[in-house]
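These notes are about the structure you will find just below.
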Amino acid sequence: MNEFSYRNGTLYAENVPVKLLAEKFGTPLYIYSKNHFLGQFNAIKKAFAELNPVICYAMKANANFSIMQEMAKAGAGVDTVSLGEIARAIKAGADPKKIVFAGVGKRDDEIEYALDQDILMFTVESEPELDAINAVAAKRKKVAPVALRINPDVDPKTHKHISTGKRENKFGIDIARAQAAIAQVKGLKNLKLLGLHMHIGSQITEFDKHGEAIDKVSALVKFAREQGMPLEYLDVGGGYGIAYKPEQGVGPGIEEFAKNMIPRIKATGLKLVMEPGRYICGNGGILVTSVIYDKPSGDKNFLVVDAAMNDLIRPSIYEAYHKIWPVNATTEVDAALDAKSGTKYDVVGPICESTDFLAKERMLPKSKRGDLLAVFSAGAYGYAMASTYNQRPRVAEIVVDGKNFWLARQRETLEDLTRADVLKPQVQTA
């Protein structure tokens with residue numbers, strides 16, 4: 001789905017002009033399409049329909065409260081990695097019985113909270129974590145439902161910083177130790193092994209990688225059943241890639257992933273749990289920014305804008321590509337530009353870091369102070385990874401639904417930057 005399109009030379013978010021939103025709410029500004037999120041969720045649901053999957057939206061990608069509410073109404077579960085995410089998901093209306101709790105370093109208070117909320121299951125990432133959850137559950141006189149996260153040692157062919165299923169990654173239990181971990185669960189009275197889990201990475205565009213991992217994990221299903229484990233679920237994680245560059249078209253289809261995965265999952269006899277994040281929200285959001293200066297320097301041209309790496313850090317840490325194009329433009333095809341009709345810019349922000357950039361060596365129409373630019377494919381890991389570095393207040397978030405729109409998160413104020421500070425500390429003595 002593409003809910004961001006140009007009409008008569010101006011960019012629209014669904015049926016709302018982006019310029020109108022920028023004028024009303026200021027920049028930098030995140031804008032999300034409600035119908036893109038729901039459309040992508042329903043596309044996954046349809047592609048895997050014969051397995052009736054539990055689709056747990058990976059809220060780490062975008063935890064906007066309005067979006068979370070809409071996802072909960074649509075029947076989505078939630079993939080969480082912290083106490084805060086569990087609490088936010090439940091507050092937004094998510095069914096605790098569709099919440100899974102992952103993460104390599106769960107604290108006891110987080111385990112207690114998740115147990116008390118009666119979530120679907122814990123994704124356990126190490127043998128010591130099995131002991132920790134068992135101890136907390138015993139103290140609270142409960143039995144904790146768990147799924148063992150198996151590290152299948154599969155190369156997902158993605159950026160090294162978002163690969164999670166290779167032996168050198170910190171996630172999951174080495175497949176060589178998996179049988180021993182399954183046997184360990186059998187001896188822990190306050191644990192119930194409900195499933196096996198895998199997650200091999202993010203932004204995966206090769207359809208066979210999930211299948212390769214499923215084959216490795218499936219080999220453990222028989223062993224677990226021989227140990228008397230009441231397995232119910234196979235959680236295949238997420239990581240389905242999207243198109244970031246114009247030449248990628250609409251990107252990989254979820255149908256292709258489904259064709260590769262469904263026969264393998266059916267062979268296990270287990271119920272399917274999925275944890276898509278980026279696929280649902282990545283192309284459902286843009287970051288709108290205003291040009292401050294067009295600054296020539298040596299052999300380069302810098303386009304200094306009011307958005308920065310604290311607002312969207314993906315280009316800085318992943319060398320990620322995001323299409324950038326004027327909100328008002330005669331054409332949206334940047335490939336048509338040449339040296340005569342455009343300027344090669346580094347698009348940079350105001351932060352005191354050389355890594356503060358949104359794009360490098362990008363051909364764009366000549367821009368002037370006050371022009372609006374849209375940074376596309378910013379719905380995933382944009383605001384979710386934002387910070388107040390350089391004491392820059394975090395930006396506002398808007399949700400659009402057809403011709404309607406609403407402020408979903410206010411722009412932070414200067415007062416917000418000191419809200420948690422103890423301005424007059426009470427000094428104590430040891």
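Quick check on my filter: what residues within segment 57-106 are in contact with a Leu (Cβ under 8 Å, 6 or more places away or on another chain) and not in a helix (DSSP H, G or I)?
ALA74, GLY77, ILE99, VAL100
Only one of ALA243, ALA308, ALA267, ALA329 is closer than 23 Å to VAL100 by Cβ and in contact (Cβ under 8 Å) with a residue 24 or more places away in the chain; which?
Numbers: ALA243 fails: closer than 23 Å to VAL100 by Cβ; ALA308 fails: closer than 23 Å to VAL100 by Cβ; ALA329 fails: closer than 23 Å to VAL100 by Cβ.
That would be ALA267, the only listed residue that is closer than 23 Å to VAL100 by Cβ and in contact (Cβ under 8 Å) with a residue 24 or more places away in the chain.
Does LEU414 satisfy being loosely packed, with under 13 Cβ neighbours inside 10 Å and of a type in the set (A, V, I, L, M)? Break it down into steps so the answer makes sense when it comes.
Details: loosely packed, with under 13 Cβ neighbours inside 10 Å: yes; of a type in the set (A, V, I, L, M): yes.
Criteria met by LEU414.
Being surrounded by 24 or more Cβ atoms within 10 Å (Cβ to Cβ) and farther than 20 Å from VAL54 by Cβ is the requirement here; does GLY201 meet it? Spell out how you get there, then give the answer.
On the way: surrounded by 24 or more Cβ atoms within 10 Å (Cβ to Cβ): yes; farther than 20 Å from VAL54 by Cβ: yes.
Here the answer is yes, as GLY201 does meet what is asked.
Which one of these does LEU115 not meet: (1) free of Cβ contacts under 8 Å to residues at least 60 places away in the same chain; (2) not in a helix (DSSP H, G or I)?
Condition not satisfied by LEU115: (2).
TYR32 fails exactly one of the following numbered conditions: (1) out of contact with any Leu (no Cβ under 8 Å at 6 or more places or on another chain); (2) surrounded by fewer than 23 Cβ atoms within 10 Å (Cβ to Cβ). What is the number of that condition?
Here TYR32 clears every test but (2).
Output the residues belonging to segment 1-56 that are among the polar types (S, T, N, Q), more than 30 Å from HIS197 (Cα to Cα) and part of a loop (DSSP other than H, G, I, E, B).
Those that are among the polar types (S, T, N, Q), more than 30 Å from HIS197 (Cα to Cα) and part of a loop (DSSP other than H, G, I, E, B): ASN2, ASN8, ASN15, THR27.
List, please: which pairs have Cβ atoms under 8 Å, are six or more places apart or on different chains, and start with a residue in segment 206-217 that is in the same structural domain as GLY241 (by TED's automatic domain parsing) and end with one that is modelled with pLDDT of 80 or more and of a type in the set (Asp, Glu)?
PHE207/GLU256
In the list THR10, THR27, which residue meets the criterion of being over 22 Å from ALA384 (Cβ atoms) and among the hydroxyl-bearing types (Ser, Thr, Tyr)?
Values: THR27 fails: over 22 Å from ALA384 (Cβ atoms).
Answer to the check: THR10.
Can you spot a residue in segment 377-400 that is part of a loop (DSSP other than H, G, I, E, B), modelled with pLDDT under 95 and of a type outside the set (A, V, I, L, M, F, W, C)?
Going through segment 377-400, the residues part of a loop (DSSP other than H, G, I, E, B) turn out to be 377-382, 386-388, 392-395.
Filter once more, so that each one left must be modelled with pLDDT under 95: none.
Within segment 377-400, not a single residue is part of a loop (DSSP other than H, G, I, E, B), modelled with pLDDT under 95 and of a type outside the set (A, V, I, L, M, F, W, C).
Name the one entry in TYR57, TYR113 that is crowded, with 24+ Cβ neighbours inside 10 Å, among the hydroxyl-bearing types (Ser, Thr, Tyr) and either modelled with pLDDT of 95 or more or touching a Phe, Trp or Tyr at 6+ places or on another chain (Cβ under 8 Å) (or both). Working first, answer last.
Values: TYR113 fails: crowded, with 24+ Cβ neighbours inside 10 Å.
Answer to the selection: TYR57.
Show me the helices (runs of 4 or more DSSP H) found entirely inside segment 198-291 where at least 1 residues are more than 28 Å from PHE357 (Cβ to Cβ) and small (Gly, Ala, Ser). Spell out the reasoning first.
Working: elements: 208-226, 254-268, 278-281.
The helices (runs of 4 or more DSSP H) meeting that bar are 208-226, 254-268.
Among (1) more than 29 Å from ASN35 (Cα to Cα); (2) in contact with a helix residue (DSSP H, G or I) (Cβ under 6 Å, 6 or more places away or on another chain), which single condition is ILE254 missing?
It fails just one condition, (1).
In segment 21-44, is there at least one residue being in contact with a His (Cβ under 9 Å, 6 or more places away or on another chain), within 23 Å of THR289 (Cβ to Cβ) and not acidic (Asp, Glu)?
no
So for segment 136-149 (the condition being among the basic types (Lys, Arg), more than 17 Å from the chain's Cα centre (by Cα) and modelled with pLDDT under 95), does at least one residue qualify?
First, pick out the residues of segment 136-149 that are among the basic types (Lys, Arg): 139-142, 149.
From the residues that got through so far, the ones that are more than 17 Å from the chain's Cα centre (by Cα) too are 139-142, 149.
With modelled with pLDDT under 95 added as a condition, the list becomes 149.
Yes, some residue in segment 136-149 is among the basic types (Lys, Arg), more than 17 Å from the chain's Cα centre (by Cα) and modelled with pLDDT under 95.
The values are calculated or read from the model by the stated rules, or taken from the named source; none is laboratory data. Since the structure is predicted, the reported quantities are computational estimates derived from the model, not experimental observations. Here Cβ is always computed from backbone atoms with ideal geometry, including for glycine, and neighbour counts include all displayed protein chains.
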